[in-house]
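The values are calculated or read from the model by the stated rules, or taken from the named source; none is laboratory data. Source: prediction; values computed, not measured. Quick reminder, even Gly has a Cβ in these numbers, built from the backbone with ideal geometry, and neighbours come from all protein chains shown. Keep in mind that these areas ignore ligands, DNA and RNA; they rest on the heavy atoms of the full protein, side chains included. Shrake-Rupley method; radii C 1.70, N 1.55, O 1.52, S 1.80 Å.
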Amino acid sequence: MPESFVHIGFPSRIVFGPGSLDRVAGEVELLGISRALLISTGSVRESADLIELALGDRFAGRIDEVRQHVPVDRAEAARAKAAEVGADGIVALGGGSAIGLAKAIALTTALPILAVPTTYAGSEMTPVWGQTADGMKTTGTDLAVLPRTVVYDPVLSSRLPLAITAASVANALAHCVEATWTPKADPITEVTAVEGARALREGLLAVIEDRHDLDARGNLLYGAGLAGSALASAGTGLHHKLCHLLGGAYGLPHAETHAAVLPHVTRLNASAVPRAKARLEAALETTDLAVGLFDLFTTAGVPTSLKSLGLTEHQAKDAAHSFAASGVENVVPIDEQALTDLLLSAWSGDRPRAAEHGPSSSTTYPPGAAGRGSQGVAR
Ligand code: NAD
């Protein structure tokens, strides 16, 4: 029997499958939206054109430019546009940036959102919003921003370049791993996270072989949805908070920052949740979670150092200092020195050292996937 727990699940309707893009207009109608504001990432403009056409009279206006971390001036301009076109709902097509801008509008207007994610960031499954002003990222939780309907179409994400795919999967894996040690983690978020991690690994290794493999893209969207759902219920902890600080203060790219930081936070925290650690290791087919994540990211070609993302060593130390000063709660007690060590390891991109008392680490990948610039990957 599981220990006593409280689990909060979030209501959303999920439409999943290749070709689901064709169902967006019908789902908009089901939500009762008669004037939809379409927000899309520039790189999926052609799919946005199809949605605009399918919406017909229900199309009210469009925003094609979005930025990561939702700069506050963009949020204000988007709210003004929604008011100007008389929108009574939003369709957000793209990655976390497009969905994030839709959430910024919903936060002040409660307009319903239909999300069509094309990356694996998982924002579509969460009631979490974020906004950046003066180098500070603020996040909050509000049910008004939770997309009411999510349409997952693997065909859309099959056009996502491999580098963006791999970094985005690292972001999703971060949701899965951190969902096992936050104060709100529970047995339901744990199984969700473990199944998400399994699907993400399987999908990632398959798209490395064939970027257009629809089954693999489906696995990745399924894993990303589970990852987002685990994040929504378990909330964020040390890892996400560090990444938000780095993204807000130094403008680092969101998904790649997760890839560089996650193995090192995992080395620190995972031993505090031994059951989840063992389950995640089984799902990722590794004997050492921190090393397994690092090896998976390097195999997929994701940058694993903050240095390569443009952070200076001085900024890494500064970030540790300001993070420590903000008062950190973590499953394992952590002080400024430990934070500095962690961020300097992530800065240099070192492969996490093997756990002190654990078995020697190994990670198994299928033939063909291993060996592409990966470090220490066992065949
Ligand atoms: P993103 O939305 O900026 O997309 C990354 C890149 O992929 C962009 O250049 C985009 O144009 C491109 N792209 C997207 N779909 C494509 C496609 N089908 N084909 C080709 N290119 C495509 O980045 P992201 O990593 O998806 O999201 C990051 C943002 O989301 C951050 O601001 C982060 O804070 C936020 N986020 C929020 C939550 C939440 O729960 N609120 C969760 C995860 C991420």
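A compact table of results
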item: Between 0 and 90°, nearest 10: helix 238-250 axis offset from the chain longest Cα axis; result: 70
item: Degrees, to the nearest 10: 187-209 long Cα axis against longest axis of the chain; result: 90
item: Protein accessible area in the chain, 1.4 Å probe - carbon and sulfur %; result: 53
item: Over region 259-305, equivalent-ellipsoid semi-axes from the Cα gyration tensor in Å; result: 19, 12, 6
item: Near-label residues of region 221-241 by backbone N, under 11 Å of a point 7 Å along Cα→Cβ of Asp22; result: none
item: Separation of the Ile14 and Glu46 label points, Cα + 7 Å toward Cβ, nm; result: 2.8
item: Semi-axis lengths, Å, the chain, gyration tensor of Cα atoms, sqrt of 5 times eigenvalues; result: 33, 23, 19
item: For region 57-73, 3J(HN,Hα) per residue [Karplus equation, 6.51 cos²θ - 1.76 cosθ + 1.60, θ = phi - 60°, Hz, x = Gly/Pro]; result: 5, 7, 7, 10, x, 8, 10, 9, 10, 10, 10, 5, 6, 6, x, 4, 5
item: Student exercise, region 1-143 dipole from Lys, Arg, Asp, Glu Cβ charges, in Debye to nearest 20; result: 120
item: Glu178, Glu209, reordered so the largest accessible area comes first (probe 1.4 Å); result: Glu209, Glu178
item: Whole-angstrom Cα spans of region 13-157 along principal axes, big to small; result: 40, 31, 27
item: Cα-based helix-to-principal-axis angle, 289-299 vs the chain, degrees rounded to 10; result: 60
item: Cα gyration tensor category, rounded, prolate or oblate, for region 84-145 with a/c compared to 1.5; result: oblate
item: Spacing of the two label points (7 Å from each Cα toward its C-beta) at Ala133 and Ala54, in nm; result: 3.7
item: Nearest-10 value in Å² for the accessible area of Ile188, using the 1.4 Å probe; result: 70
item: Proximal lysines to Lys103, defined as alpha-carbon separation beneath 18 angstrom and excluding residues fewer than eight positions away on the same chain; result: Lys81, Lys137
item: For region 264-347, with +1 on Lys and Arg beta carbons and -1 on Asp and Glu, the positive-most of Ala283, Ser322, Thr298 along the dipole; result: Ala283
item: Selection from Leu242, Ala216, Ala197 lying farthest towards where the dipole of region 162-348 points positive, charges on Cβ; result: Leu242
item: Student exercise, region 162-348 dipole from Lys, Arg, Asp, Glu Cβ charges, in Debye to nearest 20; result: 180
item: Sequence-distant residues sharing a close amide H with Phe16 (under 5 Å, placed H); result: Tyr152
item: Rounded to whole Å, sorted largest first: equivalent-ellipsoid semi-axes of region 37-117, Cα gyration tensor; result: 17, 15, 10
item: Additional length obtainable on full extension of the chain from Thr109 to Asp142, 0.36 nm per residue less Cα span; result: 10.7 nm
item: Highest average packing first - 274-286, 89-101, Cβ atoms within 10 Å; result: 89-101, 274-286
item: Highest to lowest packing among 150-161, 221-232, scored as the average C-beta count within 10 Å; result: 221-232, 150-161
item: The chain, accessible area per residue, ligands and nucleic acids excluded (1.4 Å, Å²); result: 40
item: About the Cα centre, charge dipole magnitude for the chain (Lys/Arg +1, Asp/Glu -1 at Cβ), debye; result: 80
item: Antiparallel DSSP beta bridges within the chain, percent to nearest 5; result: 25
item: Theoretical gain in end-to-end length, His212 to Asp318 [0.36 nm per residue, Cα-Cα removed]; result: 34.0 nm
item: Residue-level accessible surface for Lys184, protein heavy atoms, 1.4 Å, Å²; result: 120
item: Region 175-298 - Debye-derived log10 I(q)/I(0), Cα point model, q = 0.11, 0.12 Å⁻¹; result: -0.35, -0.42
